[in-house]
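First the structure, in the form of structure tokens, and then the observations on it.
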Amino acid sequence: MSGLRILFIGGSGVISSACSRLAVERGVDLYVLNRGTTSTHQIPDEATSLRCDIRDPAAAKEVLGSLEFDTVVDWVAFTPDHVLADLDMFRGRTGQYVFISSASAYQTPPERLPVTESTPLRNPNWRYSRDKIACEDLLIGAYREEGFPATIVRPSHTYDQTTVPFDGGWTAVARMRQGKPVIVQGDGTSLWTLTHHVDFARGFVPLLGHPRTLGEAFHITSDDVLTWNQIARSLATAAGVEPRIVHVSSDAIAAADPEWGAGLLGDKAHSMIFDNSKLRSVVPDYRATIPFEQGAREIVGWHDADASRQKVDARLDAVMDRLVERYQVQ
């Protein structure tokens, strides 16, 4: 990969930060275009920083000048308008354009497991996912009609030490430490795949500039499959407490809080197990090695290192209290 000139639009998020670090470690000439606002995740010193808002096409064109790239990765494209602007911006100036989609775009709930890249894309419950599907449709059309060099990557639930995999973030861990029950959807036995961002980067970076990826879609996930009860218990163990779990149906959660419910009914409420064979066909040595038990210790350790990081969502905490009062078995 040494010598590839690659542009990351974004580059300082949970997933992209690990990919930025690994890319420069492997000799990539990395450019990162973002607004330069304060972020928990810093871009590597070796990367060239370009400051502007990608949503301002005139400013972006001025900053990019005549630069051309082997690969452009847009980490912050969420709607068809974003993709249309990228098509206009990068036609003829990149050998590969990577769109970061979402595994939540897959048929929800899936008719069969494990999920593969040929699983249909359909999510009637979550607008975020439908927008990602519409973006993919635009890119597949551009590839078919004009040979636009699109590659689609679908992360599933990818985390790092800054992110707690429950709605409300640190709120769930704070409740555990206060001796308060935490809400787990359904009966807690649905299966979920969590992927550490370092593992994701090991699968993602080798796709950049790879000629066999054009016109193709890949998901990148761990093979570490847990129940939501296990996820809650792993966090509790890392936090040094015993969890008190109250199970509430996703429909009931959605009735109490539609935003929380949309993410459950459109994603987390359903068992999701992934077959990564297609990824391994082009990245043969890909293997996720970080189990969530280790990830949970990293999450709690990072938050405990600075009390200001332990942010509790007061509104969602109150919703949880009401759900506990109604559904806790006495």
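The values are calculated or read from the model by the stated rules, or taken from the named source; none is laboratory data. Quantities reported herein were computed from a predicted structural model and do not represent experimental measurements. Cβ placement follows ideal geometry from the backbone for every residue including glycine, while neighbour counts extend to all protein chains displayed.
Quick check, is R202 in the same structural domain as A77 (by TED's automatic domain parsing) and either assigned to a strand (DSSP E or B) or surrounded by fewer than 19 Cβ atoms within 10 Å (Cβ to Cβ) (or both)?
For R202, the condition - in the same structural domain as A77 (by TED's automatic domain parsing) and either assigned to a strand (DSSP E or B) or surrounded by fewer than 19 Cβ atoms within 10 Å (Cβ to Cβ) (or both) - is not met.
Residue under question is V32, and the condition is that it be closer than 14 Å to D74 by Cβ, modelled with pLDDT of 95 or more and surrounded by 19 or more Cβ atoms within 10 Å (Cβ to Cβ); does it hold?
Yes; evaluated as a whole, the condition is true for this residue.
When only residues in the stretch 61-86 that are surrounded by fewer than 17 Cβ atoms within 10 Å (Cβ to Cβ) and under 18 Å from the mean Cα position of the chain (by Cα) count, which is farthest from V14 (Cα to Cα)?
T79
Those residues that are surrounded by 18 or more Cβ atoms within 10 Å (Cβ to Cβ) and touching a residue at least 40 places away in the same chain (Cβ under 8 Å), I need them from the stretch 89-106; list them, please.
T94, Q96, Y97, V98, F99, I100, S101, S102, A103, S104, A105, Y106, listed by residue number.
Checking P124 against (1) loosely packed, with under 15 Cβ neighbours inside 10 Å; (2) in a helix (DSSP H, G or I), which test does it fail?
(2)
Any residue at all in the stretch 179-195 that's out of contact with any Phe, Trp or Tyr (no Cβ under 7 Å at 6 or more places or on another chain) and crowded, with 22+ Cβ neighbours inside 10 Å? Spell out how you get there, then give the answer.
We begin by selecting, within the stretch 179-195, every residue out of contact with any Phe, Trp or Tyr (no Cβ under 7 Å at 6 or more places or on another chain); these are 179-183, 186-187, 189, 191, 195.
If we keep only those that are crowded, with 22+ Cβ neighbours inside 10 Å as well, we get 183, 195.
Yes: the stretch 179-195 contains one or more residues that are out of contact with any Phe, Trp or Tyr (no Cβ under 7 Å at 6 or more places or on another chain) and crowded, with 22+ Cβ neighbours inside 10 Å.
Considering only helices (runs of 4 or more DSSP H) fully contained in the stretch 242-319, which possess at least 3 residues that are buried (at least 16 other Cβ atoms within 10 Å of the Cβ) and either of a type in the set (A, V, I, L, M, F, W, C) or touching a Gly at 6+ places or on another chain (Cβ under 7 Å) (or both)?
250-256, 292-304
So that you can scan it fast, the table gives a plain yes or no per residue for (1) touching a residue at least 60 places away in the same chain (Cβ under 8 Å); (2) hydroxyl-bearing (S, T, Y); (3) touching a helix residue (DSSP H, G or I) at 6+ places or on another chain (Cβ under 7 Å); (4) not in a helix (DSSP H, G or I):
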position: L87; (1), (2), (3), (4): yes, no, yes, no
position: T108; (1), (2), (3), (4): yes, yes, yes, yes
position: I133; (1), (2), (3), (4): no, no, yes, no
position: D167; (1), (2), (3), (4): yes, no, yes, yes
position: A174; (1), (2), (3), (4): yes, no, no, no
position: I183; (1), (2), (3), (4): yes, no, yes, yes
position: T189; (1), (2), (3), (4): no, yes, yes, yes
position: T193; (1), (2), (3), (4): yes, yes, no, yes
